[in-house]
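Engineer: Shown below is the structure under consideration.
The values are calculated or read from the model by the stated rules, or taken from the named source; none is laboratory data. Note that the structure is a prediction, hence the values are computed from the model and not measured. Positions of Cβ are generated from backbone atoms using ideal geometry, with glycine treated the same way; all protein chains shown enter the neighbour counts. These area figures cover heavy atoms from the full protein model, side chains too; ligands, DNA and RNA do not enter into them. Shrake-Rupley method; radii C 1.70, N 1.55, O 1.52, S 1.80 Å.
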Amino acid sequence: MSFDEARRKYSALGVDADRAIEKLKTVPVSLHCWQGDDVRGFDTDPQKPLTGGIQTTGNYPGRAGSPQELMADIDKVISLVPGQVKLNLHASYAIFEDGEWADRDKLEPRHFKKWVDFCRERGIGCDFNPTFFSHPKCDPLTLSSPHEETRRFWVDHGRACIRISQYLAEELGKPCVMNIWAGDGYKDVPADRIGPRLRYKKSFDEILSEPFDKTKVYPCAESKVFGIGVESYTVGSAEWCLKYASGRDDCICLLDNGHYHPTELVSDKISSILAYDEKLALHVTRGVRWDSDHVVLFDDETREIAKEVVRCGIDRVFLALDYFDASINRISAWATGFRNFQKALLFGLLQPVEELKRLQDQGNFSRLMVMQEELKTMPFGDIWDEYCRACGKPLDGEWYPLCEAYERDVLSKRG
Ligand code: RNT
Ligand code: ZN
């Protein structure tokens, strides 16, 4: 069988393919609920524009328009991908019942009960994100607003989200990563750069003053370089988030690889942060020329990120996907990106790490280059197929027809 042959070839390099497969099965990767409905959520008018410097493009039919549809779609994705899925929710996906509605500063754990039931039935954990965008209270700033009433509203939202994250972690018995990202910034050259950054800091401090169990809830700060309509200045810059997280024992740096200048590489940032901090969080995406949130591919940088995660300690990094493509079948977009990141992680786990390090430390850069190049054409696909089989999930070539059938039977019937 081709897997045995492939396993033997890896074994000759000192790599245990069975161990790589067993390990990857246990590594949670957060699946972002927002790919299913173009980041619209359920708590405000779905026709309103997306704000906060992010945008989806495309109008492919079949977008999920209700919690039931989104859950069905997530189930479909889970059936198509190998690995340990975790759900990633935004606060805007609160589920209200019996005509009730609560604004973001008043959200309660019970508004996420349906999601808890969903995750519990599937044995998966849940991560969470306060939603500081697409809402009338963005003035347009949120946590850095000079208007105290606005700032207070968003701090109260953040604190409500800490309570919800604590609830998710407790109910599901799995840690909840709570990521704080706000698109606060200015289109044009600001006159005061430090003022908003000081208010942002004060707001983060106030949010994190809400009590929570540090072994269950992991707040993060996600930085950004710029956004649509906020091209000149972003309050939560890379430096701001690095400094903020490094100054506290209850906040983690979150790196989104779409949030840097196009020649900067997140694969090279991971080890710098892990040289200081115990934990790190990632949003894996694909920027095309800018933070365009294209579907994650099995490309060089995704593989390099995965290799670094493995080498620095896969259990030290909270892994999540973050992209949204509305121009193709959304289930396909979701499954393609999730499968590709799984592939990248498996590829990383199949590197003869110790041997490569030894070559580097010996200064044997010729041999190192040859070996790194040859590793690219090892029979990786056979190990990948075996991993999919071990997870009881469809192989490459098998899943897309199932996606097409779902489009025909379900998505195409949506209004
Ligand atoms: C935006 C950030 C952020 C969002 C999600 C929806 O640029 O990447 O993480 O994509 O929270
Ligand atoms: Zn992100």
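Engineer: Work out from phi, with θ = phi - 60° and the Karplus expression 6.51 cos²θ - 1.76 cosθ + 1.60, the ³J(HN,Hα) of each residue of region 132-149, listed in order in whole Hz, and give x for Gly and Pro.
Structural biologist: For region 132-149, the Karplus-derived couplings read 9, 8, 6, 8, x, 7, 7, 10, x, 6, 10, 5, 10, 4, x, 8, 4, 5 Hz, x marking Gly and Pro.
Engineer: Please determine, in degrees from 0 to 90 and to the nearest 10, the orientation of helix 353-362 with respect to the longest principal axis defined by the Cα atoms of the chain, where the helix direction is its Cα long axis.
Structural biologist: Rounded to the nearest ten degrees, it is 80.
Engineer: Separate question: Check which residues have an amide H placed less than 5 Å from Phe318's amide H, if you skip close sequence neighbours.
Structural biologist: Distant-sequence amide H within range of Phe318: Leu280, Ala281, Leu282.
Engineer: For region 173-239, which whole percent of the accessible surface, found with a 1.4 angstrom probe, sits on carbon and sulfur atoms?
Structural biologist: On the way: 1680 of 2890 Å².
Exposed carbon and sulfur together represent 58 percent of the surface.
Engineer: 7 Å from Cα along Cα→Cβ at both Gln372 and Ala12: what's the point-to-point distance in nm?
Structural biologist: 2.3 nm
Engineer: On to the next question. Could you compute how much accessible surface His294 exposes when probed at 1.4 Å, giving the result in Å² to the nearest 10?
Structural biologist: 70 Å²
Engineer: For Arg311 and Gln360, compute 0.36 nm times the residue count separating them, minus their Cα-Cα distance, and round to one decimal in nm. The partial results should precede the final answer.
Structural biologist: Working: separation 49, 0.36 × 49 = 17.64 nm, distance 1.40 nm.
In short, 16.2 nm is gained.
Engineer: Count the DSSP beta bridges whose two residues both fall in region 179-307, then state the antiparallel fraction as a percent rounded to the nearest 5. Don't jump to the answer; show the numbers that get you there.
Structural biologist: Working: 5 of 13 bridges.
Rounded to the nearest five, the antiparallel share is 40 percent.
Engineer: So what's the net charge close to Ala6: Lys and Arg +1, Asp and Glu -1, counting the other residues with Cβ under 10 Å from its Cβ? Could you put the intermediate results ahead of the total?
Structural biologist: On the way: positive: Arg7, Arg8, Lys9; negative: Asp4, Glu5, Asp382, Asp385, Glu386.
Its environment carries a net charge of -2.
Engineer: Determine how large the accessible area of Glu354 is when every protein chain is in place; take a 1.4 Å probe and give Å² rounded to the nearest 10.
Structural biologist: Counting only protein heavy atoms, the figure is 120 Å².
Engineer: Let me ask something else. Compute the signed sum of charges (Lys and Arg +1, Asp and Glu -1) over the other residues within less than 10 Å, Cβ to Cβ, of Asn329.
Structural biologist: Every neighbour counted, the sum reads -2.
Engineer: Set the Förster distance to 51 Å, then compute FRET efficiency between Lys113 and Trp290 from the Cβ-Cβ distance, nearest 0.05.
Structural biologist: On the way: r = 38 Å, r/R0 = 0.75.
E(calc), rounded to 0.05, equals 0.85.
Engineer: Return the sequence-ordered ³J(HN,Hα) values of region 371-379 in whole Hz as given by the Karplus equation 6.51 cos²θ - 1.76 cosθ + 1.60 applied to θ = phi - 60°, using x for Gly and Pro.
Structural biologist: Per residue, the Karplus-derived 3J(HN,Hα) values read 5, 4, 5, 5, 4, 5, 10, 5, x Hz.
Engineer: Per-residue HN-Hα couplings for region 22-31, Karplus 6.51 cos²θ - 1.76 cosθ + 1.60 at θ = phi - 60°, whole Hz, x for Gly and Pro?
Structural biologist: Rounded to whole hertz, the list is 4, 5, 4, 4, 9, 8, x, 10, 7, 9.
Engineer: I'd like the antiparallel share, as a percent to the nearest 5, of DSSP beta bridges with both residues in the chain. Write down the numbers at each step before the final one.
Structural biologist: Details: 5 of 33 bridges.
Around 15 percent of the beta bridges assigned by DSSP in the chain are antiparallel ones.
Engineer: Follow-up question, since we're still on this one. Expressed as an acute angle from 0 to 90° and rounded to the nearest 10, what is the orientation of the C-alpha long axis of helix 194-208 relative to the principal long axis of the chain?
Structural biologist: Tilt of helix 194-208: around 80 degrees.
Engineer: Let me ask another. Quick one: which residues, 5 or more positions from Gln84 or on another chain, have an amide H under 5 Å from its amide H? H modelled 1.01 Å from N in the peptide plane, none for Pro or chain starts.
Structural biologist: Val27, Val29
Engineer: What does the charge count around Asp293 come to, taking other residues whose C-beta lies under 14 Å from its C-beta (Lys +1, Arg +1, Asp -1, Glu -1)?
Structural biologist: Details: positive: Lys224, Arg286, Arg289, Arg330; negative: Asp38, Glu222, Asp256, Asp291, Asp322, Asp325.
So the environment of Asp293 carries a net charge of -2.
Engineer: In addition: Over the chain, give the accessible area per residue in Å² for a 1.4 Å probe, as an integer. Could you put the intermediate results ahead of the total?
Structural biologist: On the way: 17710 Å² over 415 residues.
Here the residues of the chain average 43 Å² of exposed surface.
Engineer: Only bridges whose two residues both fall in region 252-321 count here: according to DSSP, what percent of them are antiparallel, nearest 5? Could the numbers behind the result be given before it?
Structural biologist: Details: 2 of 10 bridges.
About 20 percent, rounded to the nearest 5.
Engineer: Between Val296 and residues 5 or more places away or on another chain, which pairs have amide H atoms under 5 Å apart, with H built 1.01 Å from N, and which residues are they?
Structural biologist: Gly337
Engineer: Is it possible to state the helix-based mean residue ellipticity at 222 nm for the chain, with each DSSP H run of 4+ residues giving -39500 (n - 2.57), the sum divided by total residues, to the nearest 500 deg cm²/dmol? What is it?
Structural biologist: Working: 14 runs with 174 residues, N = 415.
Estimated from H runs of four or more residues: -13000 deg cm²/dmol.
Engineer: Calculate, in whole percent, how much of the Cα-Cα pair population of the chain lies beyond 42 Å.
Structural biologist: Numbers: 10883 of 85905 pairs.
Looking at the chain, the distances longer than 42 Å represent 13 percent of pairs.
Engineer: Now, a different point. With a point put 7 Å past each Cα toward its Cβ, work out how far Arg408 is from Ala102 in nm, to one decimal.
Structural biologist: 4.4 nm
Engineer: At a 1.4 Å probe radius, which order do Arg286, Arg19, Arg122, Arg339 fall into by accessible area, largest first?
Structural biologist: Working: Arg286 55, Arg19 170, Arg122 85, Arg339 5 Å².
Solvent-accessible surface, decreasing: Arg19, Arg122, Arg286, Arg339.
Engineer: Across region 130-272, how many lysine pairs, 8 or more apart or on two chains, come within less than 15 Å at their alpha-carbon atoms? Present the calculation step by step, with values, prior to reporting the outcome.
Structural biologist: Details: Lys174/Lys214; Lys174/Lys216; Lys187/Lys224; Lys201/Lys243; Lys202/Lys243; Lys224/Lys243; Lys224/Lys269; Lys243/Lys269.
Eligible lysine pairs with Cα atoms under 15 Å apart amount to 8.
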